[in-house]
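FYI, it's all coordinate maths here, none of it is from the lab. Keep in mind that what you see is a predicted model, and the values were worked out from it rather than measured. Every residue, glycine as well, gets a Cβ built from its backbone with ideal geometry; the counts of neighbours run over all protein chains shown.
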Amino acid sequence: MVRWQPDARGRLQQAALALYDERGFENTTVAQIAESAGLTKRTFFRHFGDKREVLFAGSEQLEELLVGGVAAAPDSATPLQAVAEALDAAATMFEQGREYAARRQRVIAANPELRERELIKLASLAASVADALRRRGVEDSAATLTAEAGITVFRISFQRWVDEANRKDLGRLIRDSLKELRAVTAA
C-alpha cells in the first residue's frame, strides 16, 4: 500500500461509488472501500463519518451556495426570485460532475436507507434556505413555502439532469422547472 498520494478523499469517493455500483451499497464495507482506494480504514474515517456520507459529501457546500445566493439577491427580488438566483448559483457546483452524479443517484435510488438520507438532506437544505429568506424579512410561512418549493424545483431538475436522455445543463433545467412552477401557480 502506498503511504501517501494526493486526493485521498476523492479516491475514496470514486472507490466507494465503483463498489456500490458493482456490489451494492449494503454489500460494500468501509474496509473494501479503503483497500480499493489504496488507503486505510483510519484514513476513510478521517474523511467520512460512515459509508453513507461518501454519497452526501458536499452537502455543506451546497447549503452555503444556496444560503449565500439568497443573501446576495437584490433587495428588490421577490422570495422566489431570490431562491431562483440561489439555485442558479448552486447549479454551477454540479456541472463538471454529471457522470458521477448520475451514478450516485442510481446507488441512492436502489437503497431505501439512502433515499431516506437524501430526503433528510433536502429537508435540511430547505430549512436553511427558509432561514435565509427570513433574514431578508420574508414572513415565516412564506419563507418556508418558498424554500420548500425551491428545493423541490432543484430535486426535480437534478433528476432530469442525471437522466441519460437529457442534454440540457442543470441551470437550464432549473430555469425551465421554475417557469413550470410559475405557470402552475398562476393558473
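Taking the centroid of alpha carbons for each part, segment 73-119 and segment 147-187 are 10 Å apart. Counting only residues at least eight positions apart within a chain, or on another chain, the lysines with an alpha carbon under 29 Å from that of K168 are K121, K179.
Counting only Cα atoms, segment 97-187 measures 39, 30, 23 Å along its principal axes, largest extent leading.
Per-residue counts of other Cβ atoms within 10 Å, averaged by peptide: what ranking do you get for 126-139, 51-64, highest first? Before the final figure, lay out the partial values.
Working: 126-139: 18.2, 51-64: 16.1.
Per-residue Cβ counts within 10 Å, averaged per peptide and sorted highest first, yield 126-139, 51-64.
The alpha-carbon positions of segment 8-49 define a convex hull whose volume is 53 Å³ per residue. Ordering A132, V30, F56 by Cα displacement along the dipole of the chain toward the positive end leaves V30 in first place; charges were set at the Cβ atoms of Lys, Arg (+1) and Asp, Glu (-1). For helix 59-72, report the angle its Cα long axis makes with the longest principal axis of the Cα atoms of the chain; keep it between 0 and 90° and round to the nearest 10°. The two axes meet at around 20 degrees. Taking A71, A110, A147 in turn, the Gaussian network model of the chain (Cα-Cα springs below 10 Å) assigns the largest fluctuation to A110. What the Cα atoms of the chain give is an Rg and a Dmax of 18.3, 62 Å.
Can you compute the helix-only [θ] at 222 nm over the chain? Use -39500 (n - 2.57) per DSSP H run of at least 4 residues, normalise by all residues, nearest 500 deg cm²/dmol. If you can, show how the numbers build up before the last one.
Details: 10 runs with 141 residues, N = 187.
That calculation yields -24500 deg cm²/dmol at 222 nm.
As a length-normalised measure over Cα pairs under 8 Å and 6 or more apart, the relative contact order of the chain settles at 19 percent. Its relative contact order, with pairs defined as Cα atoms under 8 Å and 6+ residues apart, puts segment 8-49 at 42 percent. Taking a straight line from the alpha carbon of K41, these lysines sit under 17 Å away, with near neighbours fewer than eight places off in the same chain left out: K51.
Annotation note: chymotrypsin sites (Phe, Trp or Tyr not before Pro) in segment 104-187 located in DSSP loop regions with a Cβ neighbour count of at most 10 within 10 Å are absent.
Taking every C-alpha pair closer than 8 Å and separated by at least 6 residues, the mean separation divided by the residue count of segment 64-159 gives a relative contact order of 31 percent.
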